[in-house]
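Every read-out reported here was derived from the displayed coordinates using simple, explicitly stated rules and does not represent laboratory data. On a predicted model such as this, the values are computed, not experimentally measured, just so you know. Please note: Cβ atoms are built from the backbone with ideal geometry, for glycine as well, and neighbour counts cover all protein chains shown.
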Amino acid sequence: MREYQVGPRVATLLKAPCATGIKALRIQDGKAIAKRQEGNDWAVFELPLPAVITVKEGINKPRHPSLRGIMAAKRAPIARIPLEKPAPSMAHKALKLPQESQGQLTMLGEGKAAVPALVDALKALGVL
Amino acid sequence: MQLVYIELKAGKPTEGSLSALCAARQLAGPIHALTLGPIEAASLAPYGVEKVWVVDDERLRPFAPTAAAKAVHQAIQRLAPRWVVAPSSPEANEVLARAAALGGWGFASACTQLAVDGDALNLTRVTWGGSLFQEAQLKGTPALISVDLAAFSPQPSAAPGATTLENLSVTLSDGDFVDQLKAVEKGEKQGVSLADAKVVVGGGRGVGSEEGFNMLVELAGLLNAAVGGSRVVTNNGWRPHSDQIGQTGAQIAPDVYIACGISGAIQHMVGCKNSKNIIAINKDPDAPIFQRANYGVVGDLHEIIPALMDEVKKLKGK
């Protein structure tokens, strides 16, 4: 529930550089070259390491774990670090679904026969 | 007093910043604005701004998140506002989250509704990429919030302020510019971006292949539209990832969205929910997209789109 905050807050507490919403990343000469999409363009950041980088889906294709990997993970020791939780400033109350904005659906027909009605709709909407 | 963080684009406040000013009017107290660059008072006066605090340090351009956060943190400490309000843009959220971390303050992003309740703020905010709303209560002073651009449309105030400007100096070291924007590279795509397009032609699983998109690209050319796709399309490599519309891709807000062969999964719909009109073409009459669409055609897009293009070409040929 803390969208946009975890990466930048962790970076600030660690006094580390940070780049968010990254969709392309490579390490070159000990620096992270991170790119964020902005419209049709790419904003390019060049960060010394260590750095905090938050990424978006599409930056890579996730590997599926192998069966061997899954079995090995079962035996891996898990270290637990006790933490003192600060009092939260935001108290969660409820989650709700967005109201379905039921469109006033006009069916224009089926298949190719609907094309004239589709053209009329595009004209009415100012596209044509 | 409330402090509204104004983002600038070519010296002018962004649309989202004006939304933030309108949201601030729902909270109590005089409205002050904060900019990290020069601005004309006249651009904010219609929105009831009493005073604009200007941090005019050239090093803050282009975007430098660590330095911007330190500047905002120092401004908040100096001015001691009750509320800090910002547009919920990626950059403003990053700056506020970092300023909040520096000050140990609370921050709620992407708010859609605000109501002061004693010494707390009851709020509703967008979460899970737009597929859910969270109701929460934010406590503490100052409390930082960013507001969802779609929820507050920029309306001039009934009581415009006699806006004055005042410079605010902050202390920044060279090390604060470590993560400054280095460059802006032009993308492969030219023309109007998905986010700004007035007409968008989108394709989904029903398009079937990379080649299948050729006709959608052609249709988009005829309609002066941008082309986008659902997640399955970009995951299959039929279109580049930058074309993805949805929760983890582009959020579009065109006048007309023509959705071809898209079933209408929630993850896709949150990316196109701000479309003014949706025309859905799908061969499954029970596809969820029809529940959100304004116009629907049931049928195979591989027959309908070429026939539509023939008609459009005839019209254009006149």
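Looking only at the stretch B:227-259, count every residue that is of a type in the set (A, V, I, L, M) and either touching a Pro at 6+ places or on another chain (Cβ under 8 Å) or under 18 Å from A:K123 (Cα atoms) (or both) and tell me the total.
The qualifying residues number 3.
Return yes when B:L144 is touching a Leu at 6+ places or on another chain (Cβ under 9 Å) and within 11 Å of chain A (Cβ to nearest Cβ) and no when it is not.
yes
Examine the stretch B:260-269 for a residue that is more than 7 Å from chain A (Cβ to nearest Cβ), crowded, with 21+ Cβ neighbours inside 10 Å, under 28 Å from A:L97 (Cα atoms) and hydroxyl-bearing (S, T, Y), and state whether such a residue exists.
No: the stretch B:260-269 contains no residue that is more than 7 Å from chain A (Cβ to nearest Cβ), crowded, with 21+ Cβ neighbours inside 10 Å, under 28 Å from A:L97 (Cα atoms) and hydroxyl-bearing (S, T, Y).
Taking A:R36, is it under 26 Å from A:M90 (Cβ atoms), of a type in the set (K, R) and either surrounded by 15 or more Cβ atoms within 10 Å (Cβ to Cβ) or facing another protein chain (nearest Cβ under 7 Å) (or both)?
Working: under 26 Å from A:M90 (Cβ atoms): no; of a type in the set (K, R): yes; either surrounded by 15 or more Cβ atoms within 10 Å (Cβ to Cβ) or facing another protein chain (nearest Cβ under 7 Å) (or both): yes.
No; evaluated as a whole, the condition is false for this residue.
Out of A:L47, A:L108, A:L125, A:L118, which single residue is in contact (Cβ under 8 Å) with a residue 12 or more places away in the chain, facing another protein chain (nearest Cβ under 7 Å), under 30 Å from B:I305 (Cβ atoms) and surrounded by 10 or more Cβ atoms within 10 Å (Cβ to Cβ)? It would help to see each step written out before you state the result.
Numbers: A:L47 fails: under 30 Å from B:I305 (Cβ atoms); A:L125 fails: in contact (Cβ under 8 Å) with a residue 12 or more places away in the chain; A:L118 fails: in contact (Cβ under 8 Å) with a residue 12 or more places away in the chain.
Every option except A:L108 fails the conditions.
Would you pick out the residues in the stretch B:239-259 that are more than 8 Å from chain A (Cβ to nearest Cβ), surrounded by fewer than 24 Cβ atoms within 10 Å (Cβ to Cβ) and out of contact with any Gly (no Cβ under 7 Å at 6 or more places or on another chain)?
B:P240, B:A253
Could you check how many residues of the stretch B:282-296 are touching a residue at least 12 places away in the same chain (Cβ under 8 Å) and more than 8 Å from every other protein chain (Cβ to nearest Cβ)?
Of the residues in the stretch B:282-296, the ones touching a residue at least 12 places away in the same chain (Cβ under 8 Å) are B:282-285, B:287-296.
Keeping just the survivors that are more than 8 Å from every other protein chain (Cβ to nearest Cβ) gives B:282-285, B:287-289.
Counting residues in the stretch B:282-296 that are touching a residue at least 12 places away in the same chain (Cβ under 8 Å) and more than 8 Å from every other protein chain (Cβ to nearest Cβ) gives 7.
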